[in-house]
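The values are calculated or read from the model by the stated rules, or taken from the named source; none is laboratory data. Note that the structure is predicted; figures quoted are calculated from it, not measured. For neighbour counting, all protein chains shown are included, and Cβ atoms are generated from backbone atoms with ideal geometry for every residue, glycine included.
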Amino acid sequence: MTTLLLVPGGLWEDMDAERFWHRPGVVTALQRRGLDVRTADRLHRAPSWSSEADHLAAALPDRPVTVLAGSNGCSAAVRLALARPDRVERLLLAWPATAGDDEMDARMRPALTALGATPQVADALLAGQTLRGSRDDELATLAQPVGVLAALPDNPVHQRRTVDALLRVVPGSTELPGCPEAPRPEFPPHLDRFADAVADYIRQ
């Protein structure tokens, strides 16, 4: 049975796997499709993406897994896959958060510092090319199969250009059907289609 580790989104706000994956029904829907589903909460107010990866590594079972990450959790999952390629056999990036948007970063930076981040930590968390926390030349070294799901409709936090860039930069990456982000009220009608797309991709 394939083990699937779900990594929630969020960036320093109060977001966890319960709110991101359990309440929207994603965990149950994927279990019904025969997957061994685990969830991992991210490191609370982590000072770096590398520290997030170290935290997630401690949640990995003793066998390779597929990692499904949402929104800003994609940055943590990519760092995990880069650091532990022998433990991450597939990577699914759902609704990846857009990096390098001056307007969005200008909103996020004071929000992070209001939560207690130093200016240096805020800058480090927001830095990146296609994804926060990584350079495109690092993304190009990902050896795992990578599936990418767009936010529909796209929005300033999850822009279509980020999906397009990932599909260009990551070798052999594949686009899966997009949908609204799991915590959003518009998501429930898309749950089964989302779960089918994830399960079908894993079983390829």
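At a glance:
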{"read-out": "Positions within segment 88-99 being touching a Gly at 6+ places or on another chain (Cβ under 7 Å) and surrounded by fewer than 24 Cβ atoms within 10 Å (Cβ to Cβ), in sequence order", "value": "Ala99"}
{"read-out": "Identity of the residue in segment 112-126, of a type outside the set (S, T, N, Q) and out of contact with any helix residue (DSSP H, G or I) (no Cβ under 9 Å at 6 or more places or on another chain), that ends up surrounded by the most Cβ atoms within 10 Å (Cβ to Cβ)", "value": "Leu115"}
{"read-out": "Any pair with Cβ under 8 angstrom, 6 or more apart, that starts in segment 1-25 at a residue that is farther than 22 Å from Ala114 by Cα and ends at one that is aromatic (Phe, Trp, Tyr) and surrounded by fewer than 17 Cβ atoms within 10 Å (Cβ to Cβ)", "value": "Pro24/Phe187"}
{"read-out": "Test: residue in segment 23-46 that is out of contact with any strand residue (DSSP E or B) (no Cβ under 9 Å at 6 or more places or on another chain) and of a type in the set (S, T, N, Q)", "value": "no"}
{"read-out": "Condition broken by Asp154, with the remaining ones in (1) modelled with pLDDT of 95 or more; (2) within 19 Å of Asp102 (Cβ to Cβ) satisfied", "value": "(1)"}
{"read-out": "Residues being touching a Lys or Arg at 6+ places or on another chain (Cβ under 9 Å) and assigned to a helix (DSSP H, G or I) - total across segment 124-135", "value": "2"}
{"read-out": "Which numbered condition Pro85 misses (of (1) touching a Cys at 6+ places or on another chain (Cβ under 8 Å); (2) surrounded by fewer than 17 Cβ atoms within 10 Å (Cβ to Cβ))", "value": "(1)"}
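Matching residues to (1) under 30 Å from Met1 (Cβ atoms); (2) modelled with pLDDT of 95 or more; (3) of a type in the set (Val, Ile, Thr); (4) part of a helix (DSSP H, G or I):
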site	(1), (2), (3), (4)
Ala59	yes, no, no, no
Pro85	yes, yes, no, no
Arg90	yes, yes, no, no
Pro96	yes, yes, no, no
Ala122	no, yes, no, yes
Thr141	yes, yes, yes, no
Gly147	yes, yes, no, no
